[in-house]
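**Student:** One structure follows; several queries about it will come next.
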Amino acid sequence: MPTFGAHAFIWIGDWTSDSGGTAIAAAGRAGLDLIEIPLLRPERFDAALTKRQLDDAGVRAICSLGLPREVHMPINPAGARDFLRLALDQTAAIGSTFLGGVLFGHLGYLTGASPTPRERDICARTLAGVASDAKERGITLGLEPVNRYETYLYNTVGDVLDLIDAIGADNVTVHADTYHMNIEEAGFRAAIEAAGERLGCIHCSESDRGVPGQGNVHWEQTFAGLAAIGYQGPLVLESFAAVNPDLAGATCMWRTPSYSSDQLVQEGVAFLREQATAVGLA
Ligand code: MN
């Protein structure tokens with residue numbers, strides 16, 4: 001059975017020891033299996049405290065991040081590797097086995113041109129090293145294709161499958177996201193089926209990053225695809241009710257959402273459970 005989770009930024013705008021505890025407790029109260037913890041500043045992350053908070057709430061964690069601008073992978077691969085090694089240490093320290101997200105670049109970093117073969121080669125070679133660091137720590141990586149307005153590097157599930165082939169490690173998966181798929185893919189089901197057993201995680205995000213089921217994402221197609229591949233991984237609600245300035249800037253969230261965090265989680269996760277049940281996944 002797949003697991004159900006939510007991104008911490010549904011409840012909070014920035015991860016600190018205090019706000020992190022608030023989000024973890026809220027995930028526990030909502031009856032979720034897991035919370036996705038943003039490791040945007042792994043050097044400031046209190047893993048020991050977070051692990052206690054997770055244990056108290058009875059919630060597991062997966063981790064994700066986008067790289068800071070100064071360690072955008074094609075520009076500073078050595079810096080990216082060091083940053084990701086620290087993030088992997090923190091992921092392992094809270095007992096988590098998954099680090100996903102935009103591990104290859106900075107969200108919003110555009111060059112005004114398509115990725116060059118050299119840029120993609122740097123990413124594949126650097127991520128091969130990161131995959132090795134991850135394997136030593138028992139961690140699976142998830143690489144998230146994001147839409148053309150947020151990155152020029154990898155926009156589609158097919159792009160990331162090619163990247164995974166180039167990396168050549170068995171602990172690297174696709175981290176899909178229906179918000180980005182709605183912009184970039186020819187179809188939801190076909191993209192999910194193409195990923196198949198290499199799908200490691202999926203962000204279930206509505207077309208406006210609002211409440212799933214209330215926008216333009218083709219949820220029947222999405223869940224038909226997940227059922228076709230027998231998906232057993234995390235279904236993570238990624239919408240943003242509490243927006244921090246960095247995140248708002250990176251994801252271009254300029255309007256205040258019309259829903260509360262609790263409404264988003266209750267209605268959104270209920271919808272995802274219904275969809276999963278309807279196709280026999282849950
Ligand atoms: Mn996402």
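**Student:** How long is the gain from R44 to Y149 if the chain were fully straight, where each residue apart is worth 0.36 nm and the alpha carbon distance is subtracted?
**Tutor:** My answer for the length gained is 34.9 nm.
**Student:** Here's another thing I want to ask about it. Limiting things to C-alpha atoms, what are the Rg and the maximum Cα-Cα separation (Dmax) for segment 158-244, in angstroms?
**Tutor:** So, for segment 158-244, Rg and Dmax equal 13.1, 39 Å respectively.
**Student:** What ranking of F271, F9, F4 emerges when the number of other C-beta atoms within 10 Å of each C-beta is taken as an exposure proxy, fewest first?
**Tutor:** Result, fewest neighbours first: F271, F4, F9.
**Student:** With +1 assigned to the C-beta of every Lys and Arg and -1 to the C-beta of every Asp and Glu, and no other charges, what is the dipole magnitude of the chain about the Cα centre in debye, to the nearest 20?
**Tutor:** 300 debye
**Student:** So how strong a dipole does segment 195-269 carry about its Cα centre when Lys and Arg Cβ are +1 and Asp and Glu Cβ are -1, to the nearest 20 debye?
**Tutor:** 120 debye
**Student:** If you don't mind, there's one more thing I want to ask. Which of W11, W254 has the fewest other C-beta atoms within 10 Å, and how do the rest follow up to the most?
**Tutor:** Exposure proxy ranking, most exposed first: W254, W11.
**Student:** Using a Förster radius of 45 Å, what is the FRET efficiency between R29 and S114 based on their Cβ-Cβ separation? Nearest 0.05, please.
**Tutor:** With R0 = 45 Å, the Cβ-Cβ based efficiency is 0.50.
**Student:** Could you give the length gained by full extension between K51 and E193, i.e. 0.36 nm per residue of separation minus their alpha carbon distance, to one decimal place?
**Tutor:** Values: separation 142, 0.36 × 142 = 51.12 nm, distance 3.47 nm.
In short, 47.6 nm is gained.
**Student:** In addition: Working out 0.36 nm times the residue gap between M1 and Y259, then minus their Cα-Cα distance, what length gain in nm do you get to one decimal?
**Tutor:** Details: separation 258, 0.36 × 258 = 92.88 nm, distance 2.90 nm.
Stretched fully, the M1-Y259 segment lengthens by 90.0 nm.
**Student:** Kindly state, to the nearest 0.05, the FRET efficiency for E70 paired with S17, given R0 = 22 Å and r defined as their beta-carbon distance.
**Tutor:** Once rounded, the FRET efficiency stands at 0.35.
**Student:** Taking the Cα-to-Cβ direction at A93 and at A228 and moving 7 Å from each Cα, how far apart do the two end points lie in nm?
**Tutor:** 4.3 nm
**Student:** State the Kirkwood hydrodynamic radius of the chain in Å, one decimal place, computed from all pairs of distinct Cα atoms.
**Tutor:** Evaluated on the chain, it is 18.6 Å.
Here, each number is a calculation from the coordinates, and none is a lab measurement. Note that the structure is predicted; figures quoted are calculated from it, not measured. FYI the Cβ positions are ideal-geometry reconstructions off the backbone, even for glycines, and counts take in every protein chain you see.
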